[in-house]
1. Go over the candidates S21, S29 one by one and state the one that is surrounded by fewer than 17 Cβ atoms within 10 Å (Cβ to Cβ), small (G, A, S) and at negative phi.
2. Could you pull out the residue among K85, K41 that is basic (K, R) and either surrounded by fewer than 17 Cβ atoms within 10 Å (Cβ to Cβ) or more than 30 Å from Q159 (Cβ to Cβ) (or both)?
3. Give the residue that is nearest to S29 (Cα to Cα), with candidates limited to residues of the stretch 90-145 that are of a type in the set (D, E) and surrounded by fewer than 22 Cβ atoms within 10 Å (Cβ to Cβ).
4. Test of understanding: among M157, M80, which residue is farther than 16 Å from K22 by Cβ, out of contact with any strand residue (DSSP E or B) (no Cβ under 8 Å at 6 or more places or on another chain) and either free of Cβ contacts under 8 Å to residues at least 12 places away in the same chain or part of a helix (DSSP H, G or I) (or both)?
Amino acid sequence: MDSDQLTQLIKQGLSAMKSGSKTASQSASEVQSDASNDQLKKLLQKGTETSKQWQQRVDRALEQAGGSQQEQENEIMQAMDRVGKQIRQEAPNERVRDLGIIANGQLILHYWIGAFGTMEAYCKQAGMDQAAQEMKSCVSEAKQADEKYTDIAMQIMQQQQMASA
């Protein structure tokens, strides 16, 4: 693959990621208001702040790739948003809703881990070292958030077991 083709692929991927970030930002406040666990609410708030940093990094990477192209729809993020809404609406109680928020949040984080990891590799190959480093930082942050979600889910489930014992 020549460098122009790789750069075009990077632009397409980053453009889809930019669109996905907008979808995530639009639903973030709704998700936060649906959460009942205080630790989960704090993590969701931190995630909203982190996602703004990710958006800035994607914009800088697009700039380094030679400018943005027409933004692509991100059907993956749109689908995960729809699933997340359905999970929250159908939850029979607050604990189940919180666990559903966590499950959907982790699916979304894994999408971002894959997307940022791919862009890191492509940017590195294209000699876009600054963008590659920023994508790597995003991967690390997403993995840390994923671990925190797991910790909160375990606490919620343990509380449920103690309450029903």
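Read-outs: derived from the displayed coordinates by stated rules, not from any lab. Source: prediction; values computed, not measured. We place every Cβ from the backbone using ideal geometry, glycine too, and count neighbours over all the protein chains shown.
1. Selected residue: S29, the only one of S21, S29 that is surrounded by fewer than 17 Cβ atoms within 10 Å (Cβ to Cβ), small (G, A, S) and at negative phi.
2. Of the residues listed, the single one that is basic (K, R) and either surrounded by fewer than 17 Cβ atoms within 10 Å (Cβ to Cβ) or more than 30 Å from Q159 (Cβ to Cβ) (or both) is K85.
3. Among them, the one singled out is E94.
4. Numbers: M80 fails: farther than 16 Å from K22 by Cβ.
The conditions single out M157.
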